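Just so it is clear, none of the values below were taken in a lab; they were calculated from the coordinates. Treat the numbers as computed from the prediction; the structure is a model and nothing was measured. Reconstructed Cβ throughout: ideal geometry from the backbone, glycine too, with neighbour counts over all protein chains shown.
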Amino acid sequence: MAIAIGIVLVFIGGIVIFESVPYSPLKAQFQADVDRLTDMENTMFGRYEVITESDFADAPEALQRYIGNAGFIGTPKILYTKTFFQDVELEMDGKTLRIDYTVYNFVMKPDRIALIESSMYGIPFDGYDYIIDGQGGMKGLFGKVFTVFNQTGYMMDKAQLVTLLAESPLFPTLWLTDYVTLEHIDVNRARATITYQGITASGIFTMNEAGEVTTFFTKDRAMTTPDGGMEYVPWTGVFEDYKENDSGILFPYHMKAIWNLPDGDLVYFDGDVSHVEYGN
């Protein structure tokens with residue numbers, strides 16, 4: 001009995017020591033991808049060029065108004081963005097987590113990587129959302145070791161691609177690429193479509209009278225079902241609380257992600273931007 005108790009105590013002690021070590025496999029993977037993708041962007045796609053009115057001369061009226069109102073004209077063309085959210089409310093499996101969320105969006109190729117940092121019952125929980133070279137996925141680790149979810153496949157590829165499109169008002173140089181097309185709907189709305197590696201997704205941007213993008217709506221984003229599958233559900237991204245950032249650009253500092261379910265909306269991501277950086 002004493003030997004058994006000793007083994008258990010050693011095992012518990014090992015877990016405690018392991019959890020106290022800052023190393024995380026997902027964080028390490030995320031940082032490696034950050035280093036590789038930012039290095040690629042810094043050597044390609046219009047580096048040192050600035051945004052001009054002529055760049056968006058053929059864009060829908062609503063998006064032209066947004067570009068001018070937000071102050072992008074005359075600023076360097078954005079190669080990628082880093083957006084950091086702190087203490088976000090994330091709804092997951094009926095539970096609300098408080099998370100820190102770091103997102104990189106890239107322009108040369110439609111790549112997006114995002115790191116979730118949180119804890120559950122005092123044990124670290126890390127998540128990694130990504131689409132790189134057209135391959136999307138979502139992985140979560142509990143206690144740095146135990147895989148909670150690891151979803152890949154066509155529906156995840158599409159979901160991650162349309163998420164990047166939804167966030168493109170933060171880096172509208174994405175609209176100048178050959179894999180994005182824009183369509184006028186009316187004075188306050190425009191449709192954007194992204195096509196890459198055989199996958200196509202689209203959604204509608206809506207502007208207010210001030211020329212601010214307020215929402216992005218799509219039916220091309222899949223939701224994880226209780227049985228672990230995925231199904232397409234209408235989805236809305238919300239942009240609020242515009243104010244000037246360090247680059248002099250009007251930036252939405254509060255964002256939400258909402259599943260528009262048949263029995264009512266589910267706000268599953270609700271947070272403020274703590275910091276934003278541009279790669280030019």
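Taking Cα atoms, how many degrees apart are the long axis of helix 2-20 and the longest axis of the chain, rounded to 10 and kept between 0 and 90? Long axis of 2-20 versus the principal axis of the chain: about 20 degrees. Mind checking which of Y104, Y154, Y121 has the largest fluctuation in a GNM of the chain, springs on alpha carbons under 10 Å? Comparing Y104, Y154, Y121 in a Gaussian network model of the chain, the most mobile one is Y121.
If you average 1/r over all unlike Cα pairs in segment 86-160 and invert the result, what Kirkwood radius do you get in angstrom?
It works out to 13.0 Å.
The structure shown yields Rg and Dmax of the Cα atoms in Å, and of the options (i) 20.4, 79; (ii) 18.2, 57; (iii) 20.3, 66 that calculated value carries the label (i).
Applying the criteria of a DSSP loop state and at most 16 other Cβ atoms within 10 Å to the trypsin sites (Lys or Arg not before Pro) of segment 166-226 yields K219. Comparing I99, I258, I194 in a Gaussian network model of the chain, where Cα atoms under 10 Å apart are tied by springs, the biggest mean-square fluctuation is seen for I258. Largest GNM mean-square fluctuation among Q197, Q31, Q64, using the chain with Cα springs under 10 Å: Q197.
Remark: the chain carries a charge dipole of roughly 580 debye about the Cα centre, counting +1 on each Lys and Arg Cβ and -1 on each Asp and Glu Cβ. Listing M155, M40 from fewest to most neighbouring C-beta atoms within 10 Å gives M40, M155.
Sorted fewest first by neighbouring Cβ atoms within 10 angstrom, T177, T218, T225 come out as T225, T177, T218. If the chain linking R36 and V267 were pulled fully straight, counting 0.36 nm for each residue of separation and taking away their Cα-Cα distance, it would gain 79.9 nm.
Dividing the helix sum by the residues of the chain, where each DSSP H run of 4 or more adds -39500 (n - 2.57), gives a mean residue ellipticity at 222 nm of -7000 deg cm²/dmol. Among H184, H275, the ranking by other beta carbons within 10 Å of each residue's beta carbon, starting with the fewest, stands as H275, H184.
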